[in-house]
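The values are calculated or read from the model by the stated rules, or taken from the named source; none is laboratory data. Being a predicted model, the structure only gives us computed values, none of them experimental. All Cβ positions, glycine included, derive from the backbone under ideal geometry; neighbour counts span all protein chains shown. Only protein heavy atoms, including side chains, enter the accessible area calculation; ligands, DNA and RNA are left aside. Shrake-Rupley method; radii C 1.70, N 1.55, O 1.52, S 1.80 Å.
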Amino acid sequence: MARQLENELGIRFGETTPDGRFSLEWASCLGMCDQGPALLVNDRVYTRVSAEQVHRIIDDCRKVFGAHAAQRAHA
């Protein structure tokens, strides 16, 4: 799953995408050992994440980030 995240975003852990929207950081524990692998995106926890789900999660985040950017532009 880690490699899938890096491939989808075009960055490695410890880096941020050029647009500043995504950063990858390792976390030692999210307290979700019984539901891992888990991702924390802002304040949302994703559990039992497969490599196949990574694309959908990132795509959903891009849509949300795009909506927020559009709202700020019209404000």
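Just by accessible area at a 1.4 angstrom probe, what is the order of 28, 23 from largest to smallest?
Greatest to least solvent exposure: 28, 23.
Between residue 23 and residue 40, how many nm apart are label points set 7 Å from Cα along the C-beta direction?
Between residue 23 and residue 40, the label points sit 1.3 nm apart.
What does the extension gain come out to for residue 50 and residue 33, with contour length at 0.36 nm per residue minus their alpha carbon separation? Please report the intermediate quantities before stating the final value.
Working: separation 17, 0.36 × 17 = 6.12 nm, distance 1.48 nm.
Going from the current span to full extension adds 4.6 nm.
Please compute the net charge surrounding residue 9, taking Lys and Arg as +1 and Asp and Glu as -1 over other residues with Cβ under 13 Å from its Cβ.
Net local charge, residue 9 excluded: -2.
Connecting C-alpha atoms closer than 10 Å in a GNM of the chain, tell me which of 62, 44, 21 has the biggest fluctuation.
44
For the chain, what number results from the quotient of the Cα radius of gyration and 2.2 N^0.38 Å?
Details: Rg = 13.3 Å, N = 75, 2.2 N^0.38 = 11.3 Å.
The reported ratio for this selection is 1.17.
Could I have the simple spin-label model distance between residue 62 and residue 4, label points 7 Å from Cα toward Cβ, reported in nm to one decimal?
1.6 nm
Per residue, how much accessible surface does the chain expose to a 1.4 Å probe? Answer in Å², no decimals. Before the final figure, lay out the partial values.
Working: 5420 Å² over 75 residues.
Accessible area per residue: 72 Å².
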